[in-house]
1. Report every pair of residues separated by at least 6 positions or lying on different chains whose Cβ atoms are under 9 Å apart, first residue within the stretch 170-199 and on the phi > 0 side of the Ramachandran plot, second among the aliphatic types (A, V, I, L, M).
2. Quick one: would you say Ala118 is more than 28 Å from Arg58 (Cβ to Cβ) and not assigned by TED's automatic domain parsing to the domain that holds Gln816?
3. Within the stretch 807-825, track down each residue that is in contact (Cβ under 8 Å) with a residue 60 or more places away in the chain and basic (Lys, Arg).
4. Could you tell me whether Gly562 is under 30 Å from Thr468 (Cβ atoms), in contact with a Gly (Cβ under 9 Å, 6 or more places away or on another chain), touching a residue at least 40 places away in the same chain (Cβ under 8 Å) and not polar (S, T, N, Q)?
5. Out of the stretch 128-160, which residues are closer than 18 Å to Phe103 by Cα, within 45 Å of the chain's Cα centre (by Cα) and of a type in the set (D, E, K, R)?
6. Before we move on, is Ser450 under 30 Å from Ala337 (Cβ atoms) and either among the small types (Gly, Ala, Ser) or exposed (fewer than 14 other Cβ atoms within 10 Å of the Cβ) (or both)?
7. Being under 21 Å from Arg770 (Cα atoms), surrounded by 13 or more Cβ atoms within 10 Å (Cβ to Cβ) and aliphatic (A, V, I, L, M) is the filter here, so list the residues in the stretch 682-725 that pass it.
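The values are calculated or read from the model by the stated rules, or taken from the named source; none is laboratory data. The model shown is predicted, which means the values in this text are computed figures rather than measured ones. Cβ coordinates were reconstructed from backbone atoms using ideal geometry, including for glycine residues, and neighbour counts include every protein chain displayed.
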Amino acid sequence: MIKNGLKNTLQILIILIFNNFLAQNKLENAPKNSDKVTAVSKTDTVKIEKEQIDDIVRSKADNIRNEVPKKMSYLNKNAEVSYQDMKINADYIQIDWDKGLIFARGKVDSIGKITEPAVATQGGKKYEYSEFSYNYKTKQAIAYNARTEESEGVIVAEKTKKVNDSVFYLKRGKYTTDEYFLKKKDTIADYYLLAPDIKLVKGKENSKLITGPIQMYIEQVPTPLILPFAILPFSEKRMAGILIPSFGERQDVGFFLNSLGYYLPIGEHFDVKTYFDYYTKGSWNFRPEVTYRKNYKYNGSFRGEIGTTIRGIKGLENYTKSSVYNIAWTHTQDSKANPFFNFSASVNITSNKFYNNTVNNSHIFNQSALNAQQNSTVSFTKRFLNLPITITGTGSYSQNFTTGLTDIRLPQLNVSTNQFYLFKPKTGIRTGMLENITVNTGLQFSNYVSGVKNDDLFTKTMWDNMQTGAKNNIALATNTTVAKFFTFSLGANIDNVATTKTISKNYNPVTNTLERNLNKNLTGYSTFSTSASLQTVLYGMLKFGEKSKIQAIRHMVTPSIGFTYSPDFGDPKFGYFKSYYDERGVLTTYSIFEGGMFGSPNQGLTQSIGFNINNNLEMKVRSKTDSTGTKKVKIFESLNISGGYNFAADKYKWSLISISTQTSFFQNKLSVNSNVLIDPYQIVFIPGQENGIRTENFGHFNIQSFSMNFSFPLNNETFGKKEDLATKYKTKGEIRNEVYYFDQDNYSRFNQPWTLNLNANYGYSKTNTRFGKSVASLGLDGSVKLTPYWSLSGNTHYDFVSKSLAYTRLGFSRDQRSFSFTFNWVPFGQYKVYDFFISIKANILKDAVKYKERSFQQSGSTF
């Protein structure tokens, strides 16, 4: 009896041990975290202690083999093991129940090469391995050739150690954002970042990759982009971090560390970046940047740059030291934010020699270094719902880099009323001249100073020279139709000006100089003028018959004649003009408001008749391509002739005659504009003298100035329609992951869009000189896509007078799968430089991983 009891007990123990390993298919409904498992037999009930695990290990496979004595299970083909949120799928899985170890391996071929990886899924993340060992008791793991997707990229490491669910250590890890490699369309990434040691830290909302020394490889070729460490945050939220600098050498400033910085997001609306540049010869730059945005409200940025540029060797002639600064602010208000108030700003204030001394080559490639003048404006506009008034405030700052002088308006305020009709009819239908009288009026306040030197900016000298004043303008106008075909218009204009500054001039015979003194006194002036004009439109048609190539020519003429009257505000009774004797003893008249913010009154009585004749000439020709059988061809879009005659003038009663033309050819592709200014009076030259004397001998017409401009934009569709490759060629495929169409001979076919803009300018200015001066230039600006992934661009400018090339730039770019690179080159001139740039397309790396090489005989890189 005892023997049978021992036998039964032994059988029960064997069954319990076997079930302890394979119970996952029978005990799925058992309560978790229980300390004991109860097994029931026909004869006895035995309680046995359970292993300290948090959940049941479940497994399945096509073939399962269990070795009870060794406490091992072997799963072959379509094997799967699940534990908590971890699921492992592999071709082969081995489980050591005693140690709590799970070993998984991918599918291998006859020579032992992994052809299909093992896959582990945890927390919704998918991991691929060639081999994988996991301890479900400690939750630690070691994997080989692990592959996991993080953010926009994928990480592949030779060896990965999982410390816990949050921390992973990787040996020889590669990270790439190549879309083809990510989607397994290619087994080799076109670029990757390789680091011998990597730490991956996972969080609920964000993760980050921390590496030791890291290097960039392109097409498996190592590049000079090496860093001692890197931190890549994988998060949709903005995160603070270090901005990696570039480094290299430049002959004029030495070795450099460029754009070492820090990025700091502040709240939801602000980003702050600070950069620091250092050069071994002593040059340095500090560049803070602040950007801000509030959706549906406004956006803008502040940028600054301050530093010292040192070139050459101290003690030698080539040594120079200069301080530079730049302040920029842009602000744009969303048009929907407030329909009654708008504020905008575009401010860029620099030191006078900033562009000549800055080491920021972007100013060269965007051609801002060629600017001769720079303007800054801050403005606001206020409208009212129930008032016909608009208030505009402006502050402006204008720098002239050639003269080094600055003009400032700070501030300027305009109050204008909306146009209204003085005698508005009750019926709403306006008839006659009285009911058509319109009134426009406004009041302008301004503080203005011009020609300020940099050293005098915002000093007492500047404030002393600043003019303060106000101007009121009233404009009246009306029109009516006369004899059905003529439009008769009348107008009057009144200006009232008050200012705090006037000038006085005096010739000093001792110093032989003309002294110009600024007087501080409140004074002003008033001017007015009237005008009347008559205008009509005339049409003429010349027909040649339906069989003729040219079927008809239409001529439209818009003539107008006007009369203008303005008093002589140079009359002494107004007190607006004074006189002084110059060095030759000649009495010279000047306005005391000369150089004022609102100008000065006109001197001399005006009783002049002006004429203007505008012509439009078109012809109708037969056309086989037009559906109507004919098409219009413009000969002259505009041919305008204008001039005038002043009855009250003492001499030179006839004004200069202006002739301007505007037309286009080749279906409006070629635009031609010209302007001629003709003096109807003879100019006599004394032998040996360059400047002539203008006489009153009317009828000897001479050209004072002439200009002509040609503009001809060309592209691949100018001489034919764009080819529809999808319709013409049915075969489509890839060559090295580049998509092409193929013809029947298996040649690749693709469109090659190109643009070429031609600009030619010629100008001639003579005035009273004997020979005058000419300017002539030709500009080219174009681009072409050599292939769908290669493009070439450039622009140049040739001066025919100096017979030299001006600013010239050449560049090409290559669009790779996950990155692109560009090369720009200014081969000669003052700003000789080249720029080679590689950038990653993925958002996570486009501001973090870059390669840039620039040169004024320099090279460098950025990572």
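1. Correct list of pairs: Arg172/Ala157; Arg172/Leu194; Arg172/Ala195; Arg172/Ile198.
2. Judged against the criteria, Ala118 is not a match.
3. If the condition is that a residue be in contact (Cβ under 8 Å) with a residue 60 or more places away in the chain and basic (Lys, Arg), then Arg809, Arg817 are the ones that fit.
4. no
5. Glu128, Arg147, Glu158, Lys159
6. Working: under 30 Å from Ala337 (Cβ atoms): no; either among the small types (Gly, Ala, Ser) or exposed (fewer than 14 other Cβ atoms within 10 Å of the Cβ) (or both): yes.
Here the answer is no, as Ser450 does not meet what is asked.
7. Passing the criteria: Ile683, Ile703.
Okay, residues lined up against (1) in the same structural domain as Gln215 (by TED's automatic domain parsing); (2) under 30 Å from Ser820 (Cα atoms); (3) touching a strand residue (DSSP E or B) at 6+ places or on another chain (Cβ under 9 Å); (4) charged (D, E, K, R):
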| position | (1), (2), (3), (4) |
| --- | --- |
| Ile95 | yes, no, yes, no |
| Lys99 | yes, no, yes, yes |
| Ala104 | yes, no, yes, no |
| Lys113 | yes, no, no, yes |
| Glu131 | yes, no, yes, yes |
| Ala143 | yes, no, yes, no |
| Val154 | yes, yes, yes, no |
| Lys161 | yes, no, yes, yes |
